[in-house]
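Worksheet for the structure shown next.
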Amino acid sequence: MSREEYNYSKRREAAMRKRRRQRELRRRMTLTGLGLLVITIILMVAVMIAPKEKDTKTNGVAQEDKNQNAQTGQQEPEYITYIGVEDAPEIDEQLLTINEYSRPGDPLEEVNGIVIHYVGNPGTTAQANRNYFEGISITHEASASSHFIVGLEGEIIQCVPLDEISYASNQRNVDTIAIETCYKDESGKFSDVTYDSLVHLTAWLMGKYNLEIDQVIRHYDVTGKECPRYYVRNEWAWDQFKEDVVAYIEKNGVEMKWQVE
């Protein structure tokens, strides 16, 4: 081999070694870059997951219940807080026998209001009106009842369970609680003791079902019938009654929780 051929061979080998070093350097740089990218992604995922893990640890039993609800398909109950009257008035429970004329036994699936009535028969007692509702199960002369009757002396008789409909408020039977109220004369005005019991009962039912005062209505507001007479003929007295119910709640109300269905 001549000297020129020898020098050419050496230069060629040197060039090839240089190219190999460059390729190796590029390969290492690529691997390093990929390694850094993977590490970056892992750190980002860790940051995103960390708060959830913290919540899981701090929630304890509540979180376990939530996980169990998720597994069983059940939703965690939601609650709202409001002010209501916790103590019920004294109630004499005299439930009607189940019959198609006054207590059909049909479920009251929701309560969206309270309907105030008057019995339409001046001077009669709460007991007499309750007995009338029971009697029409035999006479079949009408279809009528109510959940409660407030008497001349402020007594309260319950005729129908609160989870059943009564026959009092026409198309609103399906979503309201009905209160019949006794009175002394044709004016339809309630005595003070009757009025006070009606205010207490209405306020307690509002708390029980988390209702607003605008959801307390007259039979008149459903059908246009003059019932309760005094509150139809004297709109100011109806407004005063609602104001007195609100004032009772403000004075006697306590913080309560209502489960959202």
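List of remarks:
- Which listed pairs, of Lys184/Lys242; Lys189/Lys257; Lys184/Lys257; Lys189/Lys251, have C-alpha distances above 31 Å, in listed order: Lys189/Lys257; Lys184/Lys257
- What the phi angles of segment 129-143 give under the Karplus curve with 6.51, -1.76 and 1.60, with θ = phi - 60°, is a coupling list of 6, 5, 5, 5, 4, 5, x, 6, 5, 9, 6, 6, 7, 6, 10 Hz, glycine and proline written as x.
- 3J(HN,Hα) along segment 78-90, derived from phi through the Karplus expression 6.51 cos²θ - 1.76 cosθ + 1.60 where θ = phi - 60°, amounts to 10, 10, 10, 9, 8, 9, x, 8, 7, 7, 6, x, 5 Hz, with x in place of Gly and Pro.
- Efficiency of FRET between Asn131 and Met256 - r from beta-carbon atoms, R0 45 angstrom, step 0.05: 0.80
- Put simply, the amide H of Glu164, placed in the peptide plane, has neighbours under 5 Å in Leu108, leaving out anything fewer than 5 places away on its chain.
- Shape call, segment 132-175: gyration tensor on alpha carbons, a/c limit 1.5: oblate
- Under the shape rule built on the C-alpha gyration tensor, where the axes satisfy a ≥ b ≥ c, segment 103-237 is rounded, since a/c falls short of 1.5.
- Annotation: amide H of Val216 within the under-5 Å range of Ile114, sequence separation 5 or more or interchain, hydrogens built in the peptide plane.
- Full-extension gain in nm, Ala144 to Ala237, via 0.36 nm per residue minus C-alpha separation: 30.8 nm
- Listing Ile41, Ile249, Ile179, Ile136 from fewest to most neighbouring C-beta atoms within 10 Å gives Ile41, Ile136, Ile249, Ile179.
- Within segment 81-260, DSSP assigns beta bridges of which about 45% are antiparallel (rounded to the nearest 5).
We did not get these values from a lab; they are worked out from the coordinates using the rules stated. From a predicted model like this one, the values you see are computed outputs, not experimental measurements. Ideal geometry is used to build each Cβ from the backbone, glycine not excepted, and the neighbour counts take in all protein chains shown.
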